[in-house]
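Participant: Dumping the structure here so I can ask a few things about it.
The values are calculated or read from the model by the stated rules, or taken from the named source; none is laboratory data. Computed from a prediction, not measured in an experiment: that's the story for all the values here. Cβ sites come from the backbone with ideal geometry, for glycine too, and all protein chains shown count toward neighbours.
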Amino acid sequence: MTNYSSPILPPSTIGIIGGGQLGQMMALSAKAMGYKVGVLDPTDHAPAGQVADFQIVAEYDDLKALTQLAQQSDVLTYEFENVDQTALKQVENLTRIPQGVELLTITSHRLREKTFCRQHGLPVTPFASVKSMADLQAAIQKIGQPGLLKTVEGGYDGHGQFDINEQTDWHLIESEIEQTEWIYELKQDFVRELSVMVTRDGQDQVITFPVSENRHQHHILHTSIIPAQTTDAVKSKAQHIAIQTAEALNLRGVLGIELFELSSGELMINELAPRPHNSGHYSIEACNISQFDAHIRSICGLAIPPIRQFEPAVMVNLLGKNLLTARTDWPTHPEWHLHDYGKAEVRDRRKMGHITVTGPSIESLLASVSQFR
Ligand code: AMP
């Protein structure tokens, strides 16, 4: 990866590929620091477009539009992993892309991601590549079950996954298996799901955020509790894994690392997200530097101080119509930090916003947002 010596200072322009809520919160951080922000997203007036200096309304893989964004930006970043890598490579010499294309190549493909982790001594669940029913049978034989069969690319929040156990509908899998490439993973009987946000600053210092504990519903993140309600030993192990991962990746920008905590206290990486992560939103109100500030500072080559969390925090996602309830109930909950992403269409289970609450007692924070849990 190119090592840029000079930091990118305001009022330079930051181009963001993707106009969703992550792009919006990145843009808000960047604007507060005095940067100009441009966004590429096919939806006019996308959440990030609403707070940026300009939005280019086009598909993410539209090379002409991407070229235009690159030409108008001093630095380019992305808010999701499924960026068109071929198109991004073609604009690499028009601007700076500190996170690089390689980070996407690894993290947008579950098999490459887990192979990368294993090669670098980072703990992952046993896994195997699957392209046919015969491969699947061999993988189950070798690794055991219950397991999960996931598409190597494109799946998120539990989409593109099959549970492999005694109840599995093999006919359904048979009809789909040769359409794409899969990874078979041993299902881990975890006690908790954790995540850590990590980044490296302009002086190559690795910076980690406090560990989040994450609760999901229908495979979608629902609630994060920070700090995670686990032992200090587990939390420092999680941060150690985050540091090793950041160094192995030569990281720029923020990376979210999702982990399983097993009953033995052992940790396993589930997934790497090459961007700020939903479970790190708490840092906006609870920390001296948010994950979005850290992301902007990192891609611009600036220094980042050690992260301090001022108070415990709980974050709940507002999925679908829960946003409408939150808007109505907000006046009676002055303690809520309500984030409404400004999405035009309310859809079932769509991430429409989130609420963060901070205070000394996790129990009372959970009680404050209990209607959404
Ligand atoms: P993913 O789509 O890989 O991010 O997984 C979504 C969720 O499915 C995770 O947050 C876990 O709750 C569950 N999950 C995924 N992989 C595994 C696994 N190997 N063992 C147990 N649960 C898993």
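Participant: Which numbered condition in (1) out of contact with any helix residue (DSSP H, G or I) (no Cβ under 9 Å at 6 or more places or on another chain); (2) over 25 Å from Cys287 (Cα atoms); (3) touching a residue at least 60 places away in the same chain (Cβ under 8 Å) is the only one that Lys343 fails?
Facilitator: (1)
Participant: So which residues in segment 324-340 are free of Cβ contacts under 8 Å to residues at least 40 places away in the same chain and not in a loop (DSSP other than H, G, I, E, B), if there are any at all?
Facilitator: Matches in segment 324-340: Leu324, Arg327, Thr328, Trp330, Pro331, Thr332, Leu338, Asp340.
Participant: For segment 126-146, check the following and say yes or no: at least one residue is over 30 Å from Ala246 (Cβ atoms), buried (at least 20 other Cβ atoms within 10 Å of the Cβ) and small (Gly, Ala, Ser).
Facilitator: yes
Participant: Would you confirm whether or not segment 21-34 contains a residue that is more than 23 Å from Tyr60 (Cα to Cα), out of contact with any strand residue (DSSP E or B) (no Cβ under 7 Å at 6 or more places or on another chain), part of a loop (DSSP other than H, G, I, E, B) and not acidic (Asp, Glu)?
Facilitator: yes
Participant: Another question, if that's okay. Which pairs have Cβ atoms under 6 Å, sit 6 or more apart or on different chains, and link a residue in segment 281-305 that is more than 11 Å from Met197 (Cα to Cα) to one that is part of a helix (DSSP H, G or I)?
Facilitator: Listed by first residue and then by second, the contacts come to Asp293/Ser29; Ile296/Ser29; Ile296/Ala30; Ile304/Ala294; Ile304/Arg297.
Participant: Could you check how many residues of segment 326-352 are charged (D, E, K, R) and within 17 Å of Gln24 (Cβ to Cβ)?
Facilitator: Filtering segment 326-352 down to residues charged (D, E, K, R) leaves 327, 329, 335, 340, 343, 345, 347-351.
Still in the list and also within 17 Å of Gln24 (Cβ to Cβ): 340, 343, 345, 350-351.
Qualifying residue count for the region: 5.
Participant: What are the pairs with Cβ atoms under 9 angstrom where one residue, in segment 138-167, is under 20 Å from His109 (Cβ atoms) and among the hydroxyl-bearing types (Ser, Thr, Tyr) and the other, located anywhere, is at pLDDT below 90 and more than 11 Å from the ligand (Cβ to nearest atom)? Sequence gap at least six, or different chains.
Facilitator: Listed pairs, sorted by first residue: Tyr156/Glu81; Tyr156/Asn82.
Participant: Same structure, new question: Suppose we keep only residues that are surrounded by fewer than 16 Cβ atoms within 10 Å (Cβ to Cβ) and not in a helix (DSSP H, G or I) within segment 229-261. Which one would you say is nearest to the ligand (Cβ to nearest atom)?
Facilitator: Filtering first and then ranking leaves Gln229.
Participant: I've got another one for you. With the condition kept exactly as written, say whether any residue in segment 312-323 is in a strand (DSSP E or B), of a type in the set (Val, Ile, Thr) and under 21 Å from Pro210 (Cβ atoms).
Facilitator: Yes - at least one qualifying residue is present in segment 312-323.
Participant: Is it the case that Ala367 is of a type in the set (A, V, I, L, M), over 30 Å from Phe116 (Cβ atoms), assigned to a helix (DSSP H, G or I) and in contact with a Leu (Cβ under 6 Å, 6 or more places away or on another chain)?
Facilitator: Spelling it out, it is not the case that Ala367 is of a type in the set (A, V, I, L, M), over 30 Å from Phe116 (Cβ atoms), assigned to a helix (DSSP H, G or I) and in contact with a Leu (Cβ under 6 Å, 6 or more places away or on another chain).
Participant: For segment 300-311, state whether one or more residues are basic (Lys, Arg) and within 22 Å of the chain's Cα centre (by Cα).
Facilitator: So far as segment 300-311 goes, yes, one or more of its residues are basic (Lys, Arg) and within 22 Å of the chain's Cα centre (by Cα).
Participant: Same structure again: Given the conditions (1) under 27 Å from Glu102 (Cβ atoms); (2) out of contact with any Cys (no Cβ under 6 Å at 6 or more places or on another chain), which single one is not true for Pro210?
Facilitator: Every listed condition holds for Pro210 apart from (1).
Participant: If you check Glu79, Glu59, which single one turns out to be touching a residue at least 12 places away in the same chain (Cβ under 8 Å), touching a helix residue (DSSP H, G or I) at 6+ places or on another chain (Cβ under 6 Å) and among the acidic types (Asp, Glu)?
Facilitator: Glu79
Participant: A further question follows. Go over the candidates Ile183, Ile207 one by one and state the one that is within 16 Å of the ligand (Cβ to nearest atom), assigned to a strand (DSSP E or B) and either β-branched (Val, Ile, Thr) or surrounded by fewer than 14 Cβ atoms within 10 Å (Cβ to Cβ) (or both).
Facilitator: Going through Ile183, Ile207 in turn, the sole match is Ile183.
Participant: Do the conditions hold for Leu302, that is, is it modelled with pLDDT of 95 or more, touching a Pro at 6+ places or on another chain (Cβ under 8 Å) and hydrophobic (A, V, I, L, M, F, W, C)?
Facilitator: Yes; evaluated as a whole, the condition is true for this residue.
Participant: While we're looking at this one, here's another question. Starting from residues that are hydrophobic (A, V, I, L, M, F, W, C) and over 20 Å from Ser212 (Cα atoms), keep the ones in segment 324-365 and report whichever is farthest from the chain's Cα centre (by Cα).
Facilitator: Top of the filtered list is Trp330.
Participant: Note down all Cβ pairs under 9 Å where the first residue falls in segment 184-198 and is within 30 Å of Ser132 (Cα to Cα), the second is among the basic types (Lys, Arg), and they're at least six residues apart or on different chains.
Facilitator: These pairs meet every condition: Tyr184/Lys150; Glu185/Arg110; Glu185/Lys114; Glu185/Lys150.
Participant: Hey, another quick one. For segment 117-167, enumerate the residues that are under 9 Å from Trp182 (Cβ atoms), in contact with a helix residue (DSSP H, G or I) (Cβ under 8 Å, 6 or more places away or on another chain), away from the ligand (no atom under 12 Å from the Cβ) and of a type outside the set (A, V, I, L, M, F, W, C).
Facilitator: The answer is Ser129, Lys131.
Participant: Inside segment 275-300, can you point out the residues that are part of a loop (DSSP other than H, G, I, E, B), in contact with a strand residue (DSSP E or B) (Cβ under 9 Å, 6 or more places away or on another chain) and of a type outside the set (A, V, I, L, M)? Please lay out each step first, then the result.
Facilitator: From segment 275-300, those part of a loop (DSSP other than H, G, I, E, B) are 275-277, 281-282, 288-290, 300; that's our starting set.
If we keep only those that are in contact with a strand residue (DSSP E or B) (Cβ under 9 Å, 6 or more places away or on another chain) as well, we get 275-277, 281-282, 288-289, 300.
Within segment 275-300, Arg275, Pro276, His277, His281, Tyr282, Asn288, Cys300 qualify.
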